[in-house]
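The values are calculated or read from the model by the stated rules, or taken from the named source; none is laboratory data. Here the structure is a predicted model, which means the values were calculated and not measured. Note that each Cβ is placed from the backbone with ideal geometry, even for glycine, and that neighbours are counted across all protein chains shown.
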Amino acid sequence: MSLCPECGYHPDYASSISEKATPEEGDLSICINCGALNRFGPGMRLERTEVPDDLTLEQQLKIRLSQDFIRKRGRIPEDVKQ
Ligand SMILES: [Zn+2]
């Protein structure tokens, strides 16, 4: 998996809010370090994106609440990162 384009964090795994366990190209990803919303692009490289308008309001709200939680918590301390 590639680095978060916003903060450079290297995720070593992904978890899903849907039943799908493995991310695919086009899937959205919220960086657990900085809260940036990214999308898996070609070659599974993460690219910055905005909350898509075609999601339901509930889905958009879940993304924004997750981002708020991560941003209020703050970035992961260096000594905790793997
Ligand atoms: Zn990030």
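Structural remarks
- Restricting the search to strands (runs of 3 or more DSSP E) fully inside the range 15-82 and requiring at least 2 residues that are closer than 22 Å to Leu3 by Cβ, in contact with a Phe, Trp or Tyr (Cβ under 9 Å, 6 or more places away or on another chain) and not aromatic (Phe, Trp, Tyr) gives 28-30, 46-48.
- Test: Ser15 is at negative phi and either of a type in the set (Val, Ile, Thr) or surrounded by 12 or more Cβ atoms within 10 Å (Cβ to Cβ) (or both): no
- So Ile63, is it modelled with pLDDT of 90 or more, under 10 Å from the mean Cα position of the chain (by Cα) and of a type outside the set (Asp, Glu): yes
- Qualifying positions in the range 1-28 - over 17 Å from Ile76 (Cα atoms) and within 15 Å of the ligand (Cβ to nearest atom): Met1, Ser2, Leu28
- Odd one out for Arg39, checked against (1) basic (Lys, Arg); (2) in contact with a strand residue (DSSP E or B) (Cβ under 6 Å, 6 or more places away or on another chain); (3) modelled with pLDDT under 95: (3)
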